[in-house]
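Please read the structure below before turning to the comments.
The values are calculated or read from the model by the stated rules, or taken from the named source; none is laboratory data. As the structure is a prediction and not an experimental result, all values here were calculated from the model. Don't worry about glycine lacking a Cβ; one is built from the backbone with ideal geometry, like all the others, and counts go over all protein chains shown. Just so you know, the surface numbers come from the protein's heavy atoms only, side chains and all, with ligands and any DNA or RNA stripped out. Shrake-Rupley method; radii C 1.70, N 1.55, O 1.52, S 1.80 Å.
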Amino acid sequence: MVLTSHDKLGDTGEKTGFWLEEFAAPYYVLHDAGATITLASPDGGQPPLDPKSDDESAQTDATRRFKSDKQAQEKLANTYKLKDVRASDFDAIFYPGGHGPLWDLATHPYSIELIQGFIGQMKPVAAVCHAPAVLLNVQINGEHLLKGKTVTGFSNSEEDAVGLTDIVPYLLEDELKARGATYQKTDDWGSLSIVDGLVITGQNPGSSEAVAKDLLAKLR
């Protein structure tokens, strides 16, 4: 699982990072199925948590479980650096969202290289909410990985609903379409996970468990 290291919400002076639910729900779906989970981030160490995802209103069974799970907390505080991770050592890769990945993971050379490695080795790549941004600059044999793929991700209407349309560096829905992907969405905040070959994407925080389950099914 790869988390963002970016903590600044544009020029607002506010913090961002990864979204707790989008990490915790997939973590436990995979953990409870017997997966061995390694956590990584561009800078290594403790990834920044989006403070809004820590609000009481954003808590779920999975986030509450994480908050009482010392072992998982310790793991999260000590993520590996992306540059030290190799696709050949793993069966799949999962990217939790939050706004952070729009800034760092979308263009991070080690992340792009990792995804190319997983696809090249016929291993699944999963991303939820804003994290499908990690696919934007991945090319396979000179063509965008997204070209002709059916995907989802945080929608323009959802970005508008959270009041960040003018803050984010780009609108994910627009950029996915610009790379030649067929973009699909359900109602704002509804659950949607799409599997297209080795690429699995989810629309929003409420889709994170569904994406993890689809990844698990692909692994099995």
Using unit Cβ charges (K, R positive; D, E negative) and no other charged atoms, how large, in debye to the nearest 20, is the dipole of region 86-220 about its Cα centre? 600
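With every protein chain left in place, what is the accessible area per residue of the chain in square angstrom, probe 1.4 Å? Please list the in-between numbers first.
Values: 9660 Å² over 220 residues.
Result: 44 Å² of accessible area for each residue.
Could you work out the helix-only [θ] at 222 nm for the chain, with each DSSP H run of four or more residues adding -39,500 (n - 2.57) and the total divided by the number of residues, to the nearest 500 deg cm²/dmol?
Numbers: 8 runs with 69 residues, N = 220.
Taken over the chain, the calculation gives -8500 deg cm²/dmol.
Probe radius 1.4 Å, ligands and nucleic acids ignored: give me the carbon and sulfur share of the accessible area of the chain as a rounded percent. Before the final figure, lay out each step's value.
Values: 4460 of 9660 Å².
It is 46 percent, rounded to a whole number.
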How do Trp103, Trp189 rank by accessible surface area computed with a 1.4 Å probe, from largest to smallest? Trp189, Trp103
Tell me which residues come under 5 Å, amide H to amide H, from Leu49 once H is placed; ignore anything under 5 positions away on its chain. Phe18
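Indicate the gyration tensor shape class of region 1-69 (rounded, prolate or oblate), computed on the Cα atoms with a ≥ b ≥ c the square roots of the eigenvalues: a/c under 1.5 is rounded; otherwise a/b larger than b/c is prolate and the rest oblate.
Values: a/c = 2.94, a/b = 1.39, b/c = 2.12.
In terms of gyration-tensor shape, oblate.
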Among the listed pairs Lys147/Lys185; Lys123/Lys213; Lys15/Lys123; Lys67/Lys213; Lys8/Lys75, give every one whose C-alpha distance is greater than 27 Å. Lys15/Lys123
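So, counting K/R as plus one and D/E as minus one, what does the shell of residues with Cβ under 12 Å around Asp91 add up to?
Details: positive: Lys123, Lys218, Arg220; negative: Asp89.
Overall, the nearby charge balance is +2.
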Just the number, please: percent antiparallel of the DSSP beta bridges in the chain, rounded to the nearest 5. 40
Please list, in chain and number order, the residues 5+ apart from Thr150 or on another chain whose amide H is under 5 Å from its amide H, with Hs placed from the backbone. Thr182
When the C-alpha atoms of region 89-172 are aligned to their principal axes, what extent does each axis show, in angstrom, from largest down? 39, 25, 20
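Sort Thr201, Thr165 from largest to smallest accessible area, using a 1.4 Å probe on the heavy atoms of the protein chains. Mind dumping the intermediate values first?
Working: Thr201 0, Thr165 45 Å².
Listed by decreasing accessible area, they come as Thr165, Thr201.
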With the cut-off at 1.5 for a/c, could you classify region 81-220 from its C-alpha gyration tensor as rounded, prolate or oblate? prolate
Keeping all protein chains in the complex and leaving out DNA, RNA and ligands, what accessible area do you get for His108 with a 1.4 Å probe, in Å² to the nearest 10? 40
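Kirkwood Rh, region 1-160, all Cα pairs: how many Å? Numbers along the way, then the final one.
Working: mean 1/r = 0.0624 Å⁻¹.
16.0 Å is the Kirkwood radius here.
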How much accessible surface does Ser157 have with a 1.4 Å probe, in Å² rounded to 10? 40
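Normalised radius of gyration for region 154-220, please: alpha carbon Rg relative to 2.2 N^0.38 Å, two decimal places.
Here the Cα radius of gyration is 1.18 times the empirical estimate.
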Checked against the positive end of the charge dipole of the chain (+1 on Cβ of Lys and Arg, -1 on Cβ of Asp and Glu, about the Cα centre), the farthest of Ile167, Leu105, Ile115 is Ile115
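Order of 209-216, 177-184, 145-152 by packing, highest average Cβ count within 10 Å first? Write down the numbers at each step before the final one.
Details: 209-216: 23.2, 177-184: 17.6, 145-152: 20.8.
Highest mean packing first, the order is 209-216, 145-152, 177-184.
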Leaving ligands, DNA and RNA out of it, work out the accessible area of Lys67 with a 1.4 Å probe and give it in Å² to the nearest 10. 90
